[in-house]
Amino acid sequence: MTTLTGLTLGRLTPVDLRDIWTTEAADFTPWLARPENMAVLSETLGVELEVEAHERPVGPFRADILCKEVGTGHWVLIENQLERTDHVHLGQLLTYASGLDAVTIVWIAARFTEEHRATLDWLNKITDDSFRFFGLEVELWRIGNSPAAPKFNIISKPNDWSQSIAQAARAIDDTELSATRVLRRDYWTALNAVLNEAGGPFSGNRKPQPQSWMAYPVGRSHFSLNAATNAQKNQIRAELYITGSLAKTFFRLLQAQKDAIERDLGFHLQWEELPSGQDCRIAYYLNDADPEDKTDWPRQHEWLAKHLNAMQPVFAPRVRDLNADAGPLETEQ
């Protein structure tokens, strides 16, 4: 295709899903569970997801993929369908919701019927904050002879989507830890030792968990200082994480003090309002840091201890003094 400017552009052509993925269980689900493909889904939803298990029993059915949100540890269940939505899969979703204390369910299909989209909208309307329902259509496109590229389109989502999902740990059998989960637990055990040796505001007395983050109290509910890892991006971070219905308000009140906060810290932060969700993050990142490389753990743990201990005295008094009823604070000079 030639444009008026003389440039030759390609033409997008749709690809039948079954040409790439013959079956859901053997082809599509393992493909989606790969980190690089889960990253595409994470970007669409506006949350970072890490796969915990797939084809896992929940009640009489087997859940396609179970994930956790990076930074919060909340459970997300994904159900896949490579054709038009049907009542059978809707029934499975309701079974999952009834079998878990709290959960976000993502239903991915080739096409949503109007009645099933309306049903998800209705479920989001009548359920409390413990349950969230997403509907996504998946497409494949290519240009010329290029590889097929996936695209996820949100068909239905909660009106007030947040990352505040209650723990559903009793529905997930954690008695047998995978090698990845054992590695994560060992990662935080090693960080505990470094924190104790550093002698800063944070000690290493918190129980290590087999997850991708460790949370430390900052003196007020809905706020925590976290150490977090992202193996997909070879990245670790120290962050102030804000949850709850007032998260955006508190975030903006802190952002009004951005210059003073960063001056006190001595480094610049990433101010992430996370517009697709309810929560917010104020973070400092270390790149080129593979949390699965044990030989690099001493460097990573020293970095995390240094920056967590630096952030605590800067954020703790400001967090304590936040008043959601007050107007925006003047930016400190």
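Here, each number is a calculation from the coordinates, and none is a lab measurement. This structure is a prediction, so every number in the text was calculated from the model and none was measured. Every residue, glycine as well, gets a Cβ built from its backbone with ideal geometry; the counts of neighbours run over all protein chains shown.
Figures for the structure shown
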| read-out | value |
| --- | --- |
| Cα pair count fraction exceeding 21 Å, expressed as % - the stretch 188-291 | 40 percent |
| Separation in nanometres of the label points that stand 7 Å from Cα toward Cβ, at ARG206 and GLN235 | 2.0 nm |
| Within the stretch 175-272: Cβ-based charge dipole about Cα centre, in debye rounded to nearest 20 (Lys, Arg +1; Asp, Glu -1) | 240 debye |
| Inter-site label distance for THR113 and THR23 at 7 Å from Cα along Cβ, in nm | 2.5 nm |
| Relative contact order, percent, the stretch 200-268 [alpha-carbon distance under 8 Å, six or more residues apart] | 18 percent |
| GLU272/ALA193 FRET efficiency (R0 25 Å; Cβ-Cβ; nearest 0.05) | 0.25 |
| Proximal charge balance of SER42 [Cβ under 13 Å; K/R count +1, D/E count -1] | -2 |
| Summed side-chain charge close to ILE242 - residues other than ILE242 whose Cβ falls under 9 Å, Lys, Arg +1, Asp, Glu -1 | +1 |
| Potential lengthening between ALA260 and LYS151 on full extension [0.36 nm per residue; Cα-Cα distance subtracted] | 35.1 nm |
| Relative contact order computed over the stretch 102-157 (Cα-Cα under 8 Å; 6+ residues apart), in percent | 39 percent |
